[in-house]
Each structure stands twice: as C-alpha cells, then as structure tokens.
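This report concerns only the one structure given below.
The values are calculated or read from the model by the stated rules, or taken from the named source; none is laboratory data. This structure is a prediction, so every number in the text was calculated from the model and none was measured. Here the Cβ positions follow ideal geometry from the backbone for every residue, glycine too, while neighbour counts run over all protein chains shown.
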Amino acid sequence: MSELRGTRVLLGVSGGIAAYKAALLARLLVGAGATVDPVLTRGARQFVGPVTFEGITGRPVRDEVWQDVPEETHVALGRAADVAIVYPATANLLAKLAGGHADDLLTTTLLAATCPLVVAPAMHTEMWEHAATRANVALLRERGVDVLGPAVGPLMGGDTGAGRVVEPVEAYERILAHVRDRATTQDLAGVHVLVTAGGTHEPIDPVRFLGNRSSGKMGFAIAAAAIARGARVDLVAGPSALDTPPGATRHDVTTALEMRDAVLANADDADVIVKAAAVADFRPAEAADSKLKKTAGVPRIELVGNPDILAELGERKVAGSLDALLVGFAAETDDVEANGRAKLARKNADLLVVNDVRASDAGFGTDTNRVVILGRDGARVEVALAAKRMVADRILDEVASRLSGRRSSLG
C-alpha cells in the first residue's frame, strides 16, 4: 500500500494514557508510505518511550525545542508537514493550542505549521464537558482545526463515557482524507452518485424488529469519497448513528420498502448507483400493533419477501429505462467469489463488490474491509485489507474508469 507515499505527517503525542495508540497510528501511516515525524510532550514520555516511535517510523523523536537545532528547527518541522495530527490531545494541550501557547516543542511547532491540523481529544467525560474545554474546542474549530472525536467508551479507572480517543484507523482515515482533499483529481465532478448504506429494520411489533449486522460504514465511506472527487451525492441510509458526510443529501429510511421508494425516487437522475446497503430479504407479513408478551407464548411470525432493489434496477437497465452505472454488493459466507459472479449476472449490474462477512477484520461493523470487485466486462480487482475509505476509493476508481470509457465512446 502506498496511499500516502510522498506525504509527510507530523505526529504530536500528548500525555494521556491513550498515548500507546499513537504507536499503532504511526504503524498505519508508515505502512501507507508516509514519512512520520513524531513529536512527544514531556507527559507523553511517561506513557510511551521515544524508542518505540523511532523503531516504527525510522525517524528521530524530538521532544525539546533545543534538540537538534542545526538539523531541523521547530519552524522547519512545521513547514515540512503536509498534515499534522495530535493523537491523543489532552485537555491541557487543547487549551494551549486555543491560547496560542508555545512553551514546548509540540506547541511551538504547531504554531509554525501551515498545514491542516487534526486533533483527537482524549480525557475523562467531566473534563470534555467542562465549559472551558468546550470553549477551547469551539475556538479551534473556528480557526479550521479538525477535531476528531472523542468517542464514547471505556475510560481510565473503569469509567465509561464520552472522552475516549478515536481508534487509530479512524485517525488514519481522516489524515488520508485531508491528503486527498489537497491532491485528488475531481474525476467525478458533475456526476450524480446515489448511494445506499446500512441495514434495514423490519418491524415485528413496536419494540422489536428483524435486522442484520450492517453498520453502514462502507456506504458512508463511499459517499464521502465520491464527494471528495467532486460528485453530487444522495445518500439513502438505513438506521444509523453515523454522521452525514459533509456535502451529501441524506435520506433516512427504516424498512426495505422505504429504501426502495427513496432509491427509485432518485434513480432516474443518477449517473451512478452504488447499492452498498444490506437490505433485509424478508419482513413479517404483519407487524403487531402492541408489544408481544412472553406470557402469550412464542409467537408465529409469517415472513414475506422484500423487493429486490438491485434486481429491479438491473431490469430497468436491460429495458433501457435506466442509464446509470450500477454497482452492487454481495456479503457472502461461502464460495464467496463464485456466488458473487452469479449475482453479478443475475442482477444485471455493471460492477459487483464481494466480501466475506465471516472475517473478523472485514465486513459488517468493522473499520476495515477486503473485497473483490467483479465487472460485467470480465474485470477482477482484488483489494487487500484496508480502511473502508481506501476501499471506497478503489471502488470509485473502477467507476470513474468506466464513466470515462462511456464518455469516450459517445465523443
């Protein structure tokens, strides 16, 4: 993988217990070809030693303003960076950045940097919710700093709540997004892309539903990647707490029938339709008006089939009433590629993205994926394990290539 080859990342590490995760982030960045300059605060050194970062990055670790002055000053470090990230960023570090302090190497370097800056807060919930921290974060956002997180989850001392640093892969994806925003070609400019994402909930009664394990992360990543490449994006999303990618028009739905209606309402105007959603194949024939009680015994639930949205779109392509490039997904557990090829032909799609959802590091709910992209034209592209945003861009590479071919044939 060389997504970040030629990119220089300034990795600031401040003194929180999550500092050990910065080593994992450094590994991801180096693995993608980036040159990583680690800068540790004095507090960070209490959690992770400089040798760890030197071993991972192959670069010297700097932690003092007076260190190696002839070779590379703080100004030079700041100017050289394409992206800077502070991971984790403590409440103290956020306060220093908001106040423009420059009392150690990290804050001095960041004050001299002109590149995009990402900060990933990590602290206890009470500290995150304090008025001073809120004000500092608001001020940093006003200045264009990208504040990533924090997440909700286990914290130090057995607590749980908002304040957990986002996982390294999410920080990596954000850095990658900033690099692409500065360098990517707008090969989807003027293209209308319709994306579906997430699962559907088919009601059994007012409190229960049939569903699946889809989180929507893959579809949301495709929507974000398409926007970064200049596309106009409509995102039809099943139930999901994920943030809407900036620039996307989001259509929230719950059931398969609602998703079908939303897709068909936007399909005629679309140049590309990416059906990444995991739509329920079945639904209860009737949903109970009130909660089913255990005391009444085990209910018998009759299932009926849901509409096959991808197949319906494929039939429209064959009939000539839909001109969009059609991309489907296949979540498989057995004979993955063979089943994918059969589905590609059966659904009349132009591309089909196949993945094995049994893998623990790919498929439903994960931040990473590995897929095979199959083309009706016989193409086969294997995408190794990578962050879902990177997988999304590989899928869109194939989409853009085929759109370009269409334009050439028409021209």
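Check GLU315, GLU337 and return the single one that is within 18 Å of ALA262 (Cα to Cα) and assigned to a helix (DSSP H, G or I).
Of GLU315, GLU337, the one residue that is within 18 Å of ALA262 (Cα to Cα) and assigned to a helix (DSSP H, G or I) is GLU315.
For GLY6, are the conditions met, namely being closer than 17 Å to VAL119 by Cβ and either touching a helix residue (DSSP H, G or I) at 6+ places or on another chain (Cβ under 9 Å) or not polar (S, T, N, Q) (or both)?
no
Among (1) surrounded by 19 or more Cβ atoms within 10 Å (Cβ to Cβ); (2) closer than 24 Å to ASP323 by Cβ, where does MET218 come up short?
Unmet for MET218, out of (1) surrounded by 19 or more Cβ atoms within 10 Å (Cβ to Cβ); (2) closer than 24 Å to ASP323 by Cβ: (2).
Quick one: would you say ALA32 is at pLDDT 90 or above, under 25 Å from ALA387 (Cβ atoms), buried (at least 17 other Cβ atoms within 10 Å of the Cβ) and in the same structural domain as VAL169 (by TED's automatic domain parsing)?
no
Which of the residues belonging to the range 87-96 are in contact with a helix residue (DSSP H, G or I) (Cβ under 6 Å, 6 or more places away or on another chain) and buried (at least 23 other Cβ atoms within 10 Å of the Cβ)?
If the condition is that a residue be in contact with a helix residue (DSSP H, G or I) (Cβ under 6 Å, 6 or more places away or on another chain) and buried (at least 23 other Cβ atoms within 10 Å of the Cβ), then TYR87, PRO88, LEU94 are the ones that fit.
Filter the range 164-189 down to residues that are in a helix (DSSP H, G or I), over 11 Å from the mean Cα position of the chain (by Cα) and at pLDDT 85 or above and give me whichever is surrounded by the fewest Cβ atoms within 10 Å (Cβ to Cβ).
Here the residue is PRO168.
How about the range 299-351: which of its residues are more than 18 Å from THR196 (Cα to Cα), at pLDDT 90 or above and aliphatic (A, V, I, L, M)?
If the condition is that a residue be more than 18 Å from THR196 (Cα to Cα), at pLDDT 90 or above and aliphatic (A, V, I, L, M), then ILE301, LEU303, VAL304, VAL318, ALA319, ALA342, ALA345 are the ones that fit.
Which ranges mark the strands (runs of 3 or more DSSP E) fully within the range 201-275 that have 3 or more residues being farther than 19 Å from LEU352 by Cα?
202-205, 208-210, 232-237, 249-252
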